[in-house]
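The values are calculated or read from the model by the stated rules, or taken from the named source; none is laboratory data. Because the structure is a prediction, the values reported are computed rather than measured. Using ideal geometry, Cβ is built from the backbone for each residue, glycine included, and neighbour counts are taken over all protein chains shown.
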Amino acid sequence: MSNFDEVDRQEQRQILVRLENEHAALDRQVAEYAATSGTDQLTLTRLKRRKLQLKDAIVKLRSSVLPDLPA
């Protein structure tokens with residue numbers, strides 16, 4: 001593996017950690033918001049949609065960062 005590939009993987013890992021942190025924070029925000037009486041359903045739906053987009057990005061990035069496991 002070249003030095004460039006290693007830098008790229010390090011950057012991908014940093015992005016992955018950032019996305020995971022953002023997802024966790026959004027998860028807490030969704031839970032708190034959903035517990036509030038009189039919750040705006042449109043806002044809650046948007047928060048949940050963003051959370052799902054983050055999860056999809058995390059799964060995709062994780063598959064490119066983590067090595068394939070032998071079968």
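Quick notes
- Of all residue pairs spaced 6 or more apart or on separate chains, those with beta-carbon atoms under 9 Å, a first member in segment 15-43 that is part of a loop (DSSP other than H, G, I, E, B) and a second member that is surrounded by 14 or more Cβ atoms within 10 Å (Cβ to Cβ) are THR39/TYR33; ASP40/TYR33.
- Output for segment 40-51, where each listed residue is within 13 Å of the chain's Cα centre (by Cα) and loosely packed, with under 12 Cβ neighbours inside 10 Å: ARG49
- Candidate set: segment 18-39, residues that are under 23 Å from VAL59 (Cβ atoms) and modelled with pLDDT under 95; chosen: the one farthest from the chain's Cα centre (by Cα): ALA31
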